[in-house]
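The values are calculated or read from the model by the stated rules, or taken from the named source; none is laboratory data. Values in this document were obtained by computation on a predicted structure and should not be read as measured data. Virtual Cβ from ideal backbone geometry, glycine too; neighbours counted across all protein chains shown. Please note that ligands, DNA and RNA were not included when accessible areas were found on the heavy atoms of the full protein model with its side chains. Shrake-Rupley method; radii C 1.70, N 1.55, O 1.52, S 1.80 Å.
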Amino acid sequence: MKKYNLKRKGMAAAALTLAFGMFTPSVSFAAGTPVNVLSETESQMSSDKEVVYVNNYSAAKRDVNFNDNWKFYLGDGSGAEEPAFDDSKWEHVNLPHDYSIEQEYSTKMEAESGYLPGGIGWYRKSFTLGKTAENKRVRIDFGGVYMDATVWVNGTQVGSHPYGYTPFSFDITDLVKFDGENVITVKVNHQTPSSRWYSGSGIYRSVDLNIVNPVHVDLYGTKVETPNLETEKDGAVTTNIKTTVANDSDREQNVTLTHTIFKKGGEPSANIGTVTTETKAIAAGETAAIDATVNAQNPELWSTTNPALYTVRTEVKIGEEVVDTYDTEYGFRYFKFDENSGFSLNGTNMKLKGVCMHHDQGALGAEAWKRAIERQVEILKEMGCNSIRVTHNPAAEELINICNEKGILVVEEMFDGWQNAKNGNNNDYARFFNQTIDESNQILGKENGMTWAKYDLTATVKRGWNAPSVIMWSLGNEVQEGATGVLTQAYANVQANLIDWTTALDTTRPATRGDNVLKGNKIGIPKNMMDAMTTANGTVGLNYCSGNDYDTLHNSNPNWKLYGSETASAVNSRGVYDRIDGSKTGQKLTGGQLPAVPGTRLLREILWQANMYGPVLIILESRHHGTELEKEHKEHGRLQRIHILELLTLQDFQKIVTTSIRASGMTK
């Protein structure tokens, strides 16, 4: 695992620098501060140098980042769940962490997983809680662990979570100590093959520690809706807020809520609406839903060109004391799907110009670093993209938040397949899909008799139901492909359940599904399934359809709301690769024996596209100089565009283009 050390050490140093301002410690060391121990002194003869990190967390903030200073071990860590287990020789890591990308590539592995293995990985973190955390509730929130994770707190197993792409949480109040050290242990059991794409392995998304008063807003505890926004947008907007408040104290509490809406980053005093509810009695150990309506005055609408965001601040009060403050990010916007005119946002028709994007970050593996994701979105936005379909699993929360901030529409997808493994990946999520959650599992959000499929769909919808960027809930993608091959009644029954679960949670967004059957089979179960989707006010996603397919389907099903859920680009190179030996098989994908052209890999790709698809209009742009050079070649009436960014100077790319065009034989 040496391949990744330089990156890991650099990020560890950066994380350590940030850690000093993140927490309010009750000891003299800041959280994450390295402390030299005896093995560094001359008093101990030959022990290896050991650094111990003091991780102390207080109740100064409601949510604190829990990513720093974990210990990691790849392999058999039997007994590692015990608090006294010796992890001094384990690797020190900061989250997010992907242990697949740290391993060596092997031809024994599968191409779908990038020729990288999974395996069993163990994580441990030691921490203390300050005195201010006493008599509070303590919850740990995992953004995503790939996959099949089991969690222990101070040696007690609290539960497990198999899906690699959805958030999950545990209330650990009764297991932690406030006068000594605590240990959280996570075992990740990633057995391959498990995925049709590179999944990564481990705690690859962020972890937070939530410390709150016993009377507090519950997990995903606010839901904000503006049912009349279209007609009220120029005045007072009816803003309905449903809040779930938990009373984890030992006696009944009389609770009132104050909601205040103000521009994100602004001052509450400059609010556009506020309201205080009537007092509500909540019994000990119970939760209660408290409804309120705020008349928000002239809110600025959220859009792809003006992503205006607001904070809905909820204060929980017992008497006059504020015992919890909970902020919800919200954007005022309305949208429609029409079977004839398509999609509109805030009353303006627009095309969804988007991409299907997997979660990996290239050389970073699956690690969900905020800046890496933000960079992706910025590049897509600059390219002219206004939407992302997250394929084929729920996105990291960081992506949803960034799309809220940048003005990108999101199709949030729940699953790739359902009850059947795809492409022979016998260890994928299908084995858990219909499995009932064990009664002993203390995972938050579990209901009696609940399956993992319902749990993960519910967690995804609740996490995103206030996000202005999210416009559709996609229930699956080509669910029969690589599995049974055909859509049977069993798939129709699953879809019916998924639709029911989704619409019970959220009626403000349509359910949908990416289908690749209807283009060639327009009758029977595939059609019936999309009829059922339409009856539930859903949309029909079509994968790789031709223009004629869209016309035919629209004419024969005029009530369907059609969109291209997955389509080929204008220059389609999918499945076309240039190998060194010129064959169509083998594992080595390369630029091959293309002409030697000064410049970047992108230029080699241009030449390949040009040779494969003929005449190309090449537009080169330099961000540094703001210049543009166009070389046109119009033969056979075909004109394509390829953009290359980040070239150094006008002279450089003039020379490169000239050489490229000559080498490709496109012109003299």
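Computed values, structure above
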read-out	value
Counted residues, segment 110-129 - those being closer than 26 Å to Gly362 by Cα and not in a loop (DSSP other than H, G, I, E, B)	8
Qualifying residue in segment 232-243 (condition: modelled with pLDDT of 95 or more, charged (D, E, K, R) and closer than 18 Å to Val323 by Cα)	no
Neighbours by Cβ (under 7 Å, 6+ apart or cross-chain): first from segment 209-222, touching a residue at least 12 places away in the same chain (Cβ under 8 Å) and over 12 Å from Ala289 (Cβ atoms); second of a type in the set (Gly, Ala, Ser) and open to solvent by less than 10 Å² (accessible area, probe 1.4 Å)	Ile211/Ala133; His216/Ala246; Leu219/Ser169
Residue within segment 74-92 that is more than 26 Å from Asn56 (Cα to Cα), modelled with pLDDT of 95 or more and open to solvent by less than 40 Å² (accessible area, probe 1.4 Å) present	yes
Qualifying residues in segment 442-477 (those that are without any contact (Cβ under 8 Å) to a residue 60 or more places away in the chain and under 16 Å from the mean Cα position of the chain (by Cα)) - the one surrounded by the fewest Cβ atoms within 10 Å (Cβ to Cβ)	Thr458
So Arg313, is it out of contact with any Gly (no Cβ under 9 Å at 6 or more places or on another chain) and farther than 23 Å from Gly347 by Cα	yes
Residues satisfying the stated conditions in segment 401-436, i.e. touching a strand residue (DSSP E or B) at 6+ places or on another chain (Cβ under 8 Å) and open to solvent by less than 10 Å² (accessible area, probe 1.4 Å)	Cys403, Asn404, Gly407, Ile408, Leu409, Val410, Glu412, Glu413, Met414, Phe415, Trp418, Phe433
Filter result (within 20 Å of Ile437 (Cβ to Cβ), open to solvent by less than 30 Å² (accessible area, probe 1.4 Å) and assigned to a loop (DSSP other than H, G, I, E, B)) within segment 168-193	Ile172
Scope segment 325-350; condition open to solvent by 30 Å² or more (accessible area, probe 1.4 Å), without any contact (Cβ under 8 Å) to a residue 24 or more places away in the chain and closer than 16 Å to Met472 by Cα; matching residues	Lys336
Residue that is least open to solvent (accessible area, probe 1.4 Å), among those in segment 54-73 that are over 14 Å from Val183 (Cα atoms) and outside any loop (DSSP other than H, G, I, E, B)	Val64
Segment 484-495 - residue that is open to solvent by 40 Å² or more (accessible area, probe 1.4 Å) and in a loop (DSSP other than H, G, I, E, B) and, of those, farthest from Asn423 (Cα to Cα)	Thr488
Sole exception among (1) in contact (Cβ under 8 Å) with a residue 24 or more places away in the chain; (2) exposed (fewer than 14 other Cβ atoms within 10 Å of the Cβ) for Thr503, by number	(2)
Test: residue in segment 237-249 that is surrounded by fewer than 15 Cβ atoms within 10 Å (Cβ to Cβ) and not in a strand (DSSP E or B)	no
Set Ala459, Ala504: member being in a helix (DSSP H, G or I) and under 24 Å from Trp560 (Cβ atoms)	Ala504
Residue among Ala270, Ala288 that is over 22 Å from Gly221 (Cβ atoms) and of a type in the set (Gly, Ala, Ser)	Ala270
Enumeration of residues in segment 219-231 that are surrounded by fewer than 18 Cβ atoms within 10 Å (Cβ to Cβ) and either closer than 29 Å to Ile282 by Cβ or at pLDDT below 95 (or both)	Glu225, Pro227
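Here is a yes/no grid of residues against (1) assigned to a loop (DSSP other than H, G, I, E, B); (2) at pLDDT below 95; (3) of a type in the set (S, T, N, Q):
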| residue | (1), (2), (3) |
| --- | --- |
| Ala281 | no, no, no |
| Ala284 | yes, no, no |
| Ile290 | no, no, no |
| Val294 | no, no, no |
| Pro299 | yes, no, no |
| Thr311 | no, no, yes |
| Thr314 | no, no, yes |
